[in-house]
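Here the structure comes first, spelled out in structure tokens, and everything after it is commentary.
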Amino acid sequence: MTAVNQTFDFATALANSVHDMKNSLGMVLGMLDEMATRIDPALASQLKNLPAMQYEGQRVNNQLVQLLAIYRIGEQNYAAQISEVEVSDFLDDCAVRSELLLASRGIAIEVDCDPCLIGFFDPELVFGVINNVINNAYRYAQSKIRLSAEMTEAQCLRMSVDDDGRGYPEAMLCGTGPQQPTLNFSAGSSGLGLYFSHLVASMHRSGARQGFIECSNQGIEGGGRFSIVLP
């Protein structure tokens, strides 16, 4: 009896599985958010681990989103869907999505943006970047996170996430320019979030210019500042 040779595309199968896991986890996170809004204050002490569950669930969800996007970009099956965006409303939406989680640690989130500011970018991809940075800042901020946006002198849109934590470690600091962060799965942190952010920024182009990211310690009272700069 001759064995049947079949080609198994592991990468595609893995991507499909990641997509299914992302959808299922999204439903779980939605139920956790609903539970958090309806919880009886008298039972709050019994659900003290709920914020940690939300945070860890969101962290895993962010990584699944990033892996799926990186796969699709690598397979050239994903292109940035550039649209006209009211930046203040966009950042308000980012802030609202994270308010419940941040409030569990007493962290306030604010938006500083000209209500008339207009940007041209892929809102879904950039939301993934901003949401991931906010989720990371949840671990390190002391009491405040600020989302802001402005037009640079070079007529690029800079959106920033500032926190009042201890700032980024030296290895994560990156200045202006299109340099690509590296992935290192042998280290404590793979750098997947920064790599994803770099890919998203670089997909935004205008002529010879392309977007880039910046990480500095110019945030609130010397805390961390992450910026995505789009032409």
Legend entry - Number of the condition not met by ASN184 [criteria: (1) at pLDDT 90 or above; (2) in contact with a Ser or Thr (Cβ under 8 Å, 6 or more places away or on another chain)]: (1)
Legend entry - Count - residues of region 125-159 that are open to solvent by less than 10 Å² (accessible area, probe 1.4 Å), within 14 Å of ASP114 (Cα to Cα) and in contact with a helix residue (DSSP H, G or I) (Cβ under 6 Å, 6 or more places away or on another chain): 1
Inset, instruction - Go through the residues of region 115-138 one by one and say whether even a single one is polar (S, T, N, Q) and either without any contact (Cβ under 8 Å) to a residue 40 or more places away in the chain or within 15 Å of ARG158 (Cα to Cα) (or both). - result: no
Inset, instruction - List the number of the failed condition for GLY119; all other conditions in (1) more than 17 Å from the chain's Cα centre (by Cα); (2) more than 20 Å from GLU214 (Cα to Cα); (3) open to solvent by less than 20 Å² (accessible area, probe 1.4 Å) hold. - result: (2)
Inset, instruction - Would you point out the residue of region 187-210, among those that are assigned to a loop (DSSP other than H, G, I, E, B) and free of Cβ contacts under 8 Å to residues at least 24 places away in the same chain, that is most open to solvent (accessible area, probe 1.4 Å)? - result: ALA208
Inset, instruction - Quick one: count up the residues across region 191-214 that are out of contact with any strand residue (DSSP E or B) (no Cβ under 8 Å at 6 or more places or on another chain), among the small types (Gly, Ala, Ser) and closer than 16 Å to THR152 by Cα. - result: 1
Inset, instruction - Could you please tell me which pairs satisfy a Cβ distance under 6 Å, a separation of 6+ or placement on different chains, a first residue in region 163-181 that is assigned to a helix (DSSP H, G or I), and a second residue that is modelled with pLDDT of 85 or more and among the hydrophobic types (A, V, I, L, M, F, W, C)? - result: MET172/CYS215
Inset, instruction - Inspect all residues belonging to region 72-90 and state whether any of them is small (Gly, Ala, Ser), in a helix (DSSP H, G or I), more than 18 Å from the chain's Cα centre (by Cα) and more than 30 Å from ILE39 (Cβ to Cβ). - result: yes
Inset, instruction - Please enumerate the residues belonging to region 94-111 that are loosely packed, with under 13 Cβ neighbours inside 10 Å and under 20 Å from LEU125 (Cβ atoms). - result: VAL96
Inset, instruction - Taking only region 51-70 into account, find how many residues are touching a residue at least 40 places away in the same chain (Cβ under 8 Å) and open to solvent by 60 Å² or more (accessible area, probe 1.4 Å). - result: 3
Legend entry - Of all residues in region 114-162 being among the aromatic types (Phe, Trp, Tyr) and part of a helix (DSSP H, G or I), the one that is nearest to GLU221 (Cα to Cα): TYR140
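The values are calculated or read from the model by the stated rules, or taken from the named source; none is laboratory data. Bear in mind the structure is a predicted one, so any value in this text is a computation, not a measurement. Please note: Cβ atoms are built from the backbone with ideal geometry, for glycine as well, and neighbour counts cover all protein chains shown. For accessibility, only protein heavy atoms count, side chains too; no ligands or nucleic acids. Shrake-Rupley method; radii C 1.70, N 1.55, O 1.52, S 1.80 Å.
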